[in-house]
Amino acid sequence: MNPAKPGSFPDVYGRLAWEKPAPTVTRECSHPGNGRYSHPEQDRLLSVREMALLQGFPADYQFLGPTSSKYRQIGDAVPPMIATMIAQAVANDAAGISVPSQFRMAV
């Protein structure tokens, strides 16, 4: 965090690496200075489609609005696979289905 500006973090420029896990995608993913969102080989930001695939959206998923809004939709979203797991856990709980202790969350 930037001590001169509480709540502000310094810019981080970087590239994705083919052999490493991708960083968390955030709502500010439309600018290379807000994380490591540059293509691993080409001198460019990941496209909306590439960013969506990285988050786990289906290849045919449609985002609406201008490009900047599409990046925000991707960065603000709970990744679809995680959302599915959360929804299943809530449904199981509502149905009274027991969850193994290693999968229970502390509250």
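The residues on offer are Gln62, Gln73, Gln88, and the sole one that is surrounded by 10 or more Cβ atoms within 10 Å (Cβ to Cβ), under 19 Å from Thr26 (Cα atoms) and not acidic (Asp, Glu) is Gln73. Kindly provide the set of residues from the stretch 91-103 that are assigned to a loop (DSSP other than H, G, I, E, B) and either of a type in the set (Gly, Ala, Ser) or surrounded by 11 or more Cβ atoms within 10 Å (Cβ to Cβ) (or both), ordered by number. The answer is Ala95, Gly96, Ser98, Val99. Listed by first and then second residue, the pairs linking a residue in the stretch 82-98 that is farther than 21 Å from Gly56 by Cα and modelled with pLDDT of 85 or more to a residue that is part of a helix (DSSP H, G or I) and of a type in the set (A, V, I, L, M), with Cβ atoms under 9 Å apart and 6 or more places separating them unless they lie on different chains, are Ile97/Ala91.
Determine whether Ala52 is modelled with pLDDT of 95 or more, part of a helix (DSSP H, G or I) and under 20 Å from Cys29 (Cα atoms). Considered against the rule, which asks whether it is modelled with pLDDT of 95 or more, part of a helix (DSSP H, G or I) and under 20 Å from Cys29 (Cα atoms), Ala52 comes out as yes.
The values are calculated or read from the model by the stated rules, or taken from the named source; none is laboratory data. Just so you know, these numbers come straight off a predicted model, no measurement behind them. Neighbour counts are summed over all protein chains in view; Cβ atoms, including those assigned to glycine, are modelled from backbone coordinates with ideal geometry.
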